[in-house]
Amino acid sequence: MSKKSQLAMGDFIVALVIATLMLMVIMFTWNRYTIVLDENTRFRNMESTALQAADLLVKSPGSPIDWETDISDIQIIGLAVTNRNISLNKLNSFANINYNRSLKLLGLELYNFDFSFSYANGTTISQHGKSTNGTIININRIVRFQNEDATLKISVWK
């Protein structure tokens, strides 16, 4: 074999090693971005679901409108008498609904939630749900309750 062919073979091996390393870096980067994108998508879906549940609670009277009189007949949970004006009877009835049923009625079946309702000064009025852990989305809504400002907080996590 001539020296030229040995040199060409050496160049080929160096080029092959460099190309393989570049391909590995590209694959690693691609996988990392895919994982980050998937995590962001899951977080955004959880956030969107939490926002929908909070808005449902504060803007809707629920269905049927007088669901608090018979909680076995609930189709949609809503705590409002009018937009952002919370009903004491609906709030008390909501606290008595089974946790798993609450998840389904709020559209949170894929997640866990903790609901807390308090006056503006921090005094807790009502709580429903589980203790939080994991990645948490907190949604707060300022509402009216018995002619006072109050805060409805819903925390959602997986």
**OP:** Scan segment 57-73 for residues that are within 16 Å of residue 98 (Cα to Cα) and surrounded by fewer than 20 Cβ atoms within 10 Å (Cβ to Cβ) and report the count.
**Re:** 5
Original post:
Could we say that residue 142 is exposed (fewer than 15 other Cβ atoms within 10 Å of the Cβ) and touching a residue at least 24 places away in the same chain (Cβ under 8 Å) here?
Top reply: yes
Subject >> Scan of segment 60-89 for residues that are farther than 21 Å from residue 109 by Cα and either hydroxyl-bearing (Ser, Thr, Tyr) or part of a helix (DSSP H, G or I) (or both), ordered by number >> reply: 68, 69, 82, 87, 88, 89
**OP:** Mind counting the residues in segment 108-137 that are in contact (Cβ under 8 Å) with a residue 60 or more places away in the chain and surrounded by 15 or more Cβ atoms within 10 Å (Cβ to Cβ)?
**Re:** 3
Subject >> Close pairs from segment 89-107: first under 16 Å from residue 155 (Cβ atoms), partner assigned to a helix (DSSP H, G or I) and not basic (Lys, Arg), Cβ under 7 Å, at least 6 apart >> reply: 106/53; 106/56; 107/49; 107/52; 107/53
**OP:** Could you pull out the residue among 23, 7 that is out of contact with any Phe, Trp or Tyr (no Cβ under 8 Å at 6 or more places or on another chain), in a helix (DSSP H, G or I) and modelled with pLDDT of 95 or more?
**Re:** 23
Original post:
For segment 68-92, how many residues meet the condition of being farther than 20 Å from residue 142 by Cβ and under 24 Å from the mean Cα position of the chain (by Cα)?
Top reply: 3
**OP:** Read through the list (1) within 27 Å of the chain's Cα centre (by Cα); (2) over 30 Å from residue 118 (Cβ atoms); (3) of a type in the set (Gly, Ala, Ser), then give the number of the only condition that residue 19 fails.
**Re:** (1)
**OP:** Please state which one of 51, 37 is in a helix (DSSP H, G or I), within 19 Å of residue 151 (Cα to Cα) and of a type in the set (A, V, I, L, M).
**Re:** 51
Original post:
Which residues, taken from segment 117-153, are part of a strand (DSSP E or B) and within 10 Å of residue 86 (Cβ to Cβ)?
Top reply: 117, 125, 126, 141, 143, 144, 145, 150, 152
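The values are calculated or read from the model by the stated rules, or taken from the named source; none is laboratory data. Here the structure is a predicted model, which is why all the values come from computation and not from measurement. Methodologically, a virtual Cβ is constructed for each residue, glycine included, from the backbone with ideal geometry; neighbour enumeration extends over all protein chains shown.
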